[in-house]
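One structure is given here, and the rest of the page talks about it.
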Amino acid sequence: MLSNILVAYDGSEHSKRALEYASYLASKLGSKLFIVTVVDVNSIWYLDVGPLPNEIVTNVKEKYRSVLEEAVNKMKELSINAEGHLLEGEPAEEILKFASTHPIQLIVTGSRGLSRVKKIILGSVSSEIVNNSTIPVLVVK
């Protein structure tokens, strides 16, 4: 039933809890984990000084690649079948696109715990995923 689980992971405490929960499910059900990290380059190309130098963008991508690799290795140490995917773009959009093009039965994501005002103004990746997904989503607090 849940042979393929996608977990949204960025190395934050919330995503670590999501990974922990997803790994528990995977170990009990024999599921494969797809650990997906999305680098939102557009969010780091702001400021009033114009686009950031390519070196900074490259460093950010390398940081996330390292975070993703660490998570995949941790799962493999636990004998969980896992593969990592580093994507680029708007996080919720890319996660949903990945889920729709792979045989994913469940998306697990962390909750950022935004305040009510911030959530109304900013929204959150987890809220966007819940509102737009066609497959079940588990939000871990």
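The values are calculated or read from the model by the stated rules, or taken from the named source; none is laboratory data. In this text the structure is predicted, and so the values were computed from the model without any measurement. Heads up, the Cβs are rebuilt from the backbone with ideal geometry, glycines too, and the neighbour counts pull from every protein chain shown.
If the condition is being loosely packed, with under 12 Cβ neighbours inside 10 Å, hydroxyl-bearing (Ser, Thr, Tyr) and either in contact with a helix residue (DSSP H, G or I) (Cβ under 6 Å, 6 or more places away or on another chain) or at pLDDT below 90 (or both), then the range 100-141 contributes only Ser115.
Conditions tested, residue by residue: (1) at pLDDT 95 or above; (2) within 16 Å of Glu94 (Cα to Cα); (3) hydroxyl-bearing (Ser, Thr, Tyr).
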{"residue": "Ser3", "(1), (2), (3)": "yes, no, yes"}
{"residue": "Ala8", "(1), (2), (3)": "yes, yes, no"}
{"residue": "Glu13", "(1), (2), (3)": "no, no, no"}
{"residue": "Ser23", "(1), (2), (3)": "yes, no, yes"}
{"residue": "Ala26", "(1), (2), (3)": "yes, no, no"}
{"residue": "Ser31", "(1), (2), (3)": "yes, no, yes"}
{"residue": "Val39", "(1), (2), (3)": "no, yes, no"}
{"residue": "Asn42", "(1), (2), (3)": "no, yes, no"}
{"residue": "Gly50", "(1), (2), (3)": "no, no, no"}
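The set of residues in the range 81-106 being of a type in the set (Gly, Ala, Ser) and in a helix (DSSP H, G or I) consists of Ala92, Ala99, Ser100.
Cβ-Cβ contacts under 6 Å between residues 6 or more apart (or on different chains), taken from a first residue in the range 76-89 that is touching a residue at least 12 places away in the same chain (Cβ under 8 Å) to a second residue that is acidic (Asp, Glu), are listed as Leu87/Glu94. Tallying residues that are part of a helix (DSSP H, G or I) and in contact with a helix residue (DSSP H, G or I) (Cβ under 7 Å, 6 or more places away or on another chain) within the range 8-43 yields 3.
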